[in-house]
Amino acid sequence: MAKKDGKKESGKDGKKKRKQRTAPLRELLRVPEGERVDLGSYDASATPAGPADKAAGVAATAALGPRLADLQERLYAASTAGDRRRVLLVLQGMDTSGKGGTVKHVIGLFNPSGCRIRAFKAPTPEELDHPFLWRITKALPHPGEIGIFDRSHYEDVLIARVRELVPRSQLGRRYGQINHFEKSLADDGVTVVKVFLHISYEEQRDRLLERLDNPEKHWKFNVGDIEERGMWPAYQEAYEIALERCSADEAPWYLVPADRKWYRNWAISTLLLEHLEALDPAYPPGDFDVAESRRRLLAT
């Protein structure tokens, strides 16, 4: 991850040098397990291992589309022969960090019929009558699918912590319940890709102002966003705790700098590609006589 250090590497032309990616992006952006997380030390406008600029980033993201679509088809095809594997992308971040934009620009690279998208809002009365993971379990992707959570079970240790919606003793138990839940998903063939969209305080203000200044975006603005913004430090602390306590080998967190939308889209597309390539799903062989079927078909 790109931490702030106040230094820039410059060549003779005065431009910042770009480091070549020498490791998979999922290693570069992974939140270190067992270490304290300080979000203030990470630059939300950084572009670690990314393309040179916006134009290159948009082109690079589009170029990933055919490969992503091919792997998605193979994943679904494998499920028809009993392969239970699937992928779950969990998106978390402050308001305006780009969860909806990710769904639009990244998931748009896939065949929508093979995706299961769920945006989690405030719990309904029925959902409140059940344990907090109940509604999450009902929304999980089926074998062969790619699931996308716009917000997730982490709301129950984020807003629940900031707004003090549950006793601290109950809140503390939830981190362990989440870890156990995510391990059970991994054991059942779910590749969990958890992404924290790291946006800066200044960038959030600019994006909220953009919504206010454009009548066509008023529907996206909520006056309550201003109040929530006033609780920024508390939310940052809540995220730091969640990132620290709930990042394990079977379900690590990835911190994606999100001030630059083009980088966000490229990084998440690349993370999904790397995970799908690691799964390497294969088309199942036919369970019929190909030559005989061909002969019969030609005879019709």
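The values are calculated or read from the model by the stated rules, or taken from the named source; none is laboratory data. Note that the coordinates shown come from a computational prediction; the quantities given were computed from them, not determined experimentally. For neighbour counting, all protein chains shown are included, and Cβ atoms are generated from backbone atoms with ideal geometry for every residue, glycine included. Remember, those area values only see protein heavy atoms, side chains included, never the ligands or the DNA or RNA. Shrake-Rupley method; radii C 1.70, N 1.55, O 1.52, S 1.80 Å.
A single member of 234, 278 is closer than 23 Å to residue 35 by Cα, part of a helix (DSSP H, G or I) and of a type in the set (A, V, I, L, M), and it is 234. What are the residues in the range 73-108 that are open to solvent by less than 40 Å² (accessible area, probe 1.4 Å), among the small types (Gly, Ala, Ser) and not in a loop (DSSP other than H, G, I, E, B), if any? Passing the criteria: 77, 78, 79, 93, 101. Scanning the range 203-230 for residues being of a type in the set (A, V, I, L, M, F, W, C) and touching a Lys or Arg at 6+ places or on another chain (Cβ under 8 Å) gives a total of 2. Scoring residue 226 on the criteria (1) touching a residue at least 40 places away in the same chain (Cβ under 8 Å); (2) open to solvent by 30 Å² or more (accessible area, probe 1.4 Å) leaves a single failure, condition (1). Here residue 217 does not fit the description of being open to solvent by less than 20 Å² (accessible area, probe 1.4 Å) and charged (D, E, K, R).
Can you tell me how many residues within the range 109-121 are open to solvent by 70 Å² or more (accessible area, probe 1.4 Å) and in a helix (DSSP H, G or I)?
2
Go through the range 30-72 and give me each residue that's of a type in the set (A, V, I, L, M, F, W, C) and assigned to a helix (DSSP H, G or I). Passing the criteria: 39, 55, 56, 58, 59, 60, 62, 63, 64, 68, 69, 71. Each residue in the range 267-300 was checked for being modelled with pLDDT of 95 or more and either crowded, with 17+ Cβ neighbours inside 10 Å or aromatic (Phe, Trp, Tyr) (or both), and 12 of them qualify. Selection of the range 133-151 for residues being on the phi > 0 side of the Ramachandran plot and surrounded by fewer than 20 Cβ atoms within 10 Å (Cβ to Cβ) yields only 151.
Of everything in the range 132-154 that is of a type in the set (A, V, I, L, M, F, W, C) and part of a loop (DSSP other than H, G, I, E, B), the residue that is nearest to residue 71 (Cα to Cα) is 140.
Scanning the range 159-188 for residues that are open to solvent by 10 Å² or more (accessible area, probe 1.4 Å) and assigned to a helix (DSSP H, G or I) yields a count of 19. Among the conditions (1) open to solvent by 10 Å² or more (accessible area, probe 1.4 Å); (2) more than 14 Å from the chain's Cα centre (by Cα); (3) not aromatic (Phe, Trp, Tyr), residue 191 misses just one, which is (2).
The set of residues from the range 244-300 being basic (Lys, Arg) and more than 26 Å from residue 70 (Cβ to Cβ) comprises 245, 260, 295, 296. Here residue 259 passes the criteria (1) modelled with pLDDT of 95 or more; (2) acidic (Asp, Glu); (3) surrounded by fewer than 19 Cβ atoms within 10 Å (Cβ to Cβ) except the one numbered (3). Has the range 259-266 got any residue that is farther than 28 Å from residue 137 by Cα, assigned to a helix (DSSP H, G or I), touching a Pro at 6+ places or on another chain (Cβ under 8 Å) and of a type in the set (Ser, Thr, Tyr)? Within the range 259-266, one or more residues are farther than 28 Å from residue 137 by Cα, assigned to a helix (DSSP H, G or I), touching a Pro at 6+ places or on another chain (Cβ under 8 Å) and of a type in the set (Ser, Thr, Tyr).
Within the range 137-158, residues that are within 21 Å of residue 187 (Cβ to Cβ) have Cβ atoms under 8 Å from residues that are open to solvent by 30 Å² or more (accessible area, probe 1.4 Å) and acidic (Asp, Glu) in these pairs: 143/83; 144/83, counting only partners at least 6 apart in sequence or on another chain. Find the residue count for the range 52-66, including only residues that are open to solvent by less than 50 Å² (accessible area, probe 1.4 Å) and either over 29 Å from residue 249 (Cβ atoms) or within 17 Å of the chain's Cα centre (by Cα) (or both). Matching residues across the range 52-66 total 5. Pairs meeting the criteria (first residue in the range 47-58 and over 20 Å from residue 26 (Cα atoms), second residue in a helix (DSSP H, G or I) and open to solvent by 30 Å² or more (accessible area, probe 1.4 Å), beta carbons under 7 Å, at least 6 apart or on different chains) are 54/262. Would a scan of the range 122-131 turn up a residue that is more than 30 Å from residue 69 (Cα to Cα), open to solvent by 40 Å² or more (accessible area, probe 1.4 Å), not in a loop (DSSP other than H, G, I, E, B) and not hydrophobic (A, V, I, L, M, F, W, C)? The answer is yes; a qualifying residue exists.
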